[in-house]
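Q: Below is a structure I'd like to ask you about.
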Amino acid sequence: MLGILIVNTGTAAAPTEEAVRAHLREFLQDRHLINVPPLIWRPILELFILPKRPRRTLDRYIDFWTPEGSPFMLESQAQRDEIARRLAHLIDEPHEVRLAMRYGQPSIRGAIEAFLDACVDRIIVLPMYPQKTIPCAGSVLDEFDAQFAALTKARSLSADAAPEVLRIDEYWREPGYLDALAGSIRRCWAYRPGSKLVMSYHSIPVSYVTKGGDTYPDAAAETLRRTAEILGVPEEDQVIAFQSRFDSRRWVGPMLVPTVRRLAAEGVRDIAVASPIFSVDCLETYHDIRFEAKAAYLDAAATAGISDPSFTYVPALGADAAFMDAIARLIARRAVCS
């Protein structure tokens, strides 16, 4: 039997201060994100960050939430279901698709336990980030490896008896993914000469690139180039940016808000912004791009005297049919090539 695990970041369990605090506590203890010795970082986190940040950000969670729950979780579950539906026609052997979150529930550990209980002989692990980077896919895969090692040891499973683990660490080169991304942009924005296609990615510290060898910025730039080529957007109208710098370290840039302000100051009256690192819209895309970046652009456009400026946010792919087709085919190929 084959186990298939798709993993995303996770979200608070509820739009409450207590739930947000619990989520941030787990999130901000990840050494892939905050590479500070725990003896130094833990007191800072507990004494200065967790008492204040959940209260400051709670309104964003409340605004993001729906009566049905977290849009992030609901769309992630839809991805799981759509992938499973497609794989039923692509994989002949018995298989099960599970969803896990790097932080919170459903957990990676719980998914592995379920697969071991089902006696799977292989597990395909797919972080749902198109581009691999240390804080995202890197963190997911390292957490999977740690939990897998602990659980197989607890069950006294030898290397030969434990399931084989097959990893898909990124998929931005997949033609089906690029076509799906281009299609999602085309559905909500039409390129005209002088318009700008902006792809903004969650930033990472520069040291992850210079010291850790992270190739994420190159993958981000190439994703923009290949998608723009499909859309017929020339190089001079392609713009890359990054958002959500967390602390005072040097982070990969340019940052999104200054970038859209610059574009407005240069007289650009029509921009589309996509954030391809996220396969599901989250609090970051909802607030940092749809509201903060849009407000910055429109304000700068007004200052520049631009009439009728247009800011289009391109939603994450979510359970888009073409995207789900591409992911299902990728998983099916990996299952055959094991």
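The values are calculated or read from the model by the stated rules, or taken from the named source; none is laboratory data. Just so we're clear, the structure is a prediction, and the values are computed from it rather than from any experiment. Neighbour counts run over all protein chains shown; Cβ positions are idealised from the backbone, glycine included.
Q: Of the residues 249, 261, 290, only one is basic (Lys, Arg), within 18 Å of residue 185 (Cα to Cα) and either more than 23 Å from the chain's Cα centre (by Cα) or not assigned by the TED database to the domain that holds residue 57 (or both); which? Reasoning before the result, please.
A: On the way: 249 fails: within 18 Å of residue 185 (Cα to Cα); 261 fails: within 18 Å of residue 185 (Cα to Cα).
Selected residue: 290, the only one of 249, 261, 290 that is basic (Lys, Arg), within 18 Å of residue 185 (Cα to Cα) and either more than 23 Å from the chain's Cα centre (by Cα) or not assigned by the TED database to the domain that holds residue 57 (or both).
Q: Specify the residue that is surrounded by the most Cβ atoms within 10 Å (Cβ to Cβ); the eligible residues are those in the stretch 259-296 that are under 30 Å from residue 73 (Cα atoms) and in contact with a Lys or Arg (Cβ under 7 Å, 6 or more places away or on another chain).
A: Here is the first cut: in the stretch 259-296, the residues under 30 Å from residue 73 (Cα atoms) are 260, 271-296.
From what is left, the residues that are in contact with a Lys or Arg (Cβ under 7 Å, 6 or more places away or on another chain) are 271, 283, 287, 296.
Values: 271: 25, 283: 20, 287: 18, 296: 18.
Per the stated criteria, the residue is 271.
Q: Another question, if that's okay. Check every one of the helices (runs of 4 or more DSSP H) wholly within the stretch 3-79 and list those with 1 or more residues that are in contact (Cβ under 8 Å) with a residue 12 or more places away in the chain, under 22 Å from residue 140 (Cα atoms) and under 21 Å from the mean Cα position of the chain (by Cα).
A: On the way: elements: 17-27, 38-44, 53-64.
Ranges flagged: 17-27.
Q: Of the numbered conditions (1) over 22 Å from residue 291 (Cβ atoms); (2) buried (at least 18 other Cβ atoms within 10 Å of the Cβ), residue 75 satisfies every one except a single condition; which is it?
A: (1)
Q: In the stretch 313-338, what residues are closer than 28 Å to residue 297 by Cβ and assigned to a helix (DSSP H, G or I)?
A: Quick first cut of the stretch 313-338, residues closer than 28 Å to residue 297 by Cβ only: 313-318, 320, 323.
Hit for the stretch 313-338 is 323, nothing else.
Q: Okay, next question. Considering only the stretch 256-289, state which residues are assigned to a helix (DSSP H, G or I) and at pLDDT 95 or above.
A: Residues of the stretch 256-289 that are assigned to a helix (DSSP H, G or I), as a first pass: 256-265, 283-289.
Once the filter is applied, which keeps residues that are assigned to a helix (DSSP H, G or I) and at pLDDT 95 or above, the stretch 256-289 yields 256, 257, 258, 259, 260, 261, 262, 263, 264, 265, 289.
Q: Name the residue that is nearest to residue 28 (Cα to Cα), counting only residues in the stretch 234-258 that are buried (at least 23 other Cβ atoms within 10 Å of the Cβ) and touching a Leu at 6+ places or on another chain (Cβ under 6 Å).
A: Checked the stretch 234-258; the qualifying residue nearest to residue 28 (Cα to Cα) is 243.
Q: Could you list all residues from the stretch 248-271 that are in contact with a strand residue (DSSP E or B) (Cβ under 8 Å, 6 or more places away or on another chain) and of a type in the set (A, V, I, L, M)?
A: Let us first name the residues in the stretch 248-271 that are in contact with a strand residue (DSSP E or B) (Cβ under 8 Å, 6 or more places away or on another chain), namely 249-257, 259-260, 263, 268-271.
Within the stretch 248-271, 252, 255, 256, 257, 260, 263, 268, 271 meet the criteria.
Q: Right, something else. So how many residues does the stretch 192-232 have that are touching a residue at least 60 places away in the same chain (Cβ under 8 Å), part of a loop (DSSP other than H, G, I, E, B) and over 16 Å from residue 278 (Cβ atoms)?
A: The total comes to 6.
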